[in-house]
1. Between rounded, prolate and oblate, where does the stretch 3-214 land on the alpha carbon gyration tensor, with a ≥ b ≥ c its root eigenvalues, rounded for a/c under 1.5, else prolate if a/b exceeds b/c?
2. Can you put Met1, Met65 in order of Cβ neighbours within 10 angstrom, beginning with the fewest?
3. When a/c reaches 1.5 or more, the comparison of a/b and b/c decides; with that in mind, is the stretch 137-189 rounded, prolate or oblate per its Cα gyration tensor?
4. What residue among Gln114, Gln41, Gln82 has the largest mean-square fluctuation in a Gaussian network model of the chain, using Cα springs under 10 Å?
5. Please report how many Lys pairs in the stretch 62-221 have alpha carbons closer than 14 angstrom, counting only residues at least 8 apart along the chain or sitting on separate chains.
6. What does the helix-only formula give at 222 nm for the chain: each DSSP H stretch with n ≥ 4 adding -39500 (n - 2.57), the total divided by the residues, and the result rounded to the nearest 500 deg cm²/dmol?
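Values quoted throughout were computed directly from the atomic coordinates according to the rules given, and no laboratory measurement underlies them. None of the values given here were measured: they were computed from a predicted structure. Positions of Cβ are generated from backbone atoms using ideal geometry, with glycine treated the same way; all protein chains shown enter the neighbour counts.
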Amino acid sequence: MNVIYEDNHLLVVIKPYGVPSQADESGDEDMLSRCKAYIGQTYNKPGNVYLGLVHRLDRPTSGVMVFARTSKAAARLSKQIQSGTFGKTYLAVLTSPPPQSEGTLWHYLTKDIQTHIAHVSDKPSPEAKKAGLEYTLLDNRDGLCLVRIKLLTGRFHQIRAQLASVGASVYGDMKYGARDIKAPLALFASEVCLNHPTTNERLCFSATPDFHPFTLFSGKK
């Protein structure tokens, strides 16, 4: 467990690549179960440990992940997510540069349940959900681009799908990008900002990815 913050209300950890946020049909060990086991062992809590899953990271996405240690904290954090107070920032390495050095992307996404892929459109439809993100180009190196992304909405696969739709797919993305790059997905949740569920203090938790190709851009974030 890579724990970066914990108190009686919050547990903030780094989710590794390839680990699901919660249990799924694969049966692989998930972050929610890992964190419950950590709390049970650390605080000598027998039986079922409460831990609220307030947001998710896709299985191939790594980075900062926040859990609620009480039901009250979970409810308050969920309200922050709905209101946009719960801020999430990502770092990504792209195989091609985005349209401009910085900008905002708005699309309409439709989730294909059978293929588990988000389809992107510029036009609304009854099934589609509006998705938005802001991006800033931080560096170019060896034909790759490092960008910082701030989510304006929280949609299924939206970063990967939206960037791929403008010709700037995420490095290692086998679903939306180049299938010949067999590497961990270069998408990392680098910062989460929230109001503490009991004190209302504004807190920001951050981390830096330490795997290739992020290591090509040392010092840039």
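1. Details: a/c = 1.67, a/b = 1.58, b/c = 1.06.
Judged from the Cα gyration tensor, the stretch 3-214 comes out prolate (a/c at least 1.5, a/b above b/c).
2. Working: Met1 13, Met65 25.
Ordered by Cβ neighbours within 10 Å, fewest first: Met1, Met65.
3. On the way: a/c = 1.74, a/b = 1.16, b/c = 1.50.
It is oblate, given that a/c is not under 1.5 and a/b is not larger than b/c.
4. Gln114
5. Working: Lys88/Lys150; Lys111/Lys129; Lys111/Lys130; Lys111/Lys175; Lys150/Lys221.
Total qualifying Lys-Lys pairs in the stretch 62-221 comes to 5.
6. Working: 3 runs with 33 residues, N = 221.
The helix-only estimate for the chain comes to -4500 deg cm²/dmol at 222 nm.
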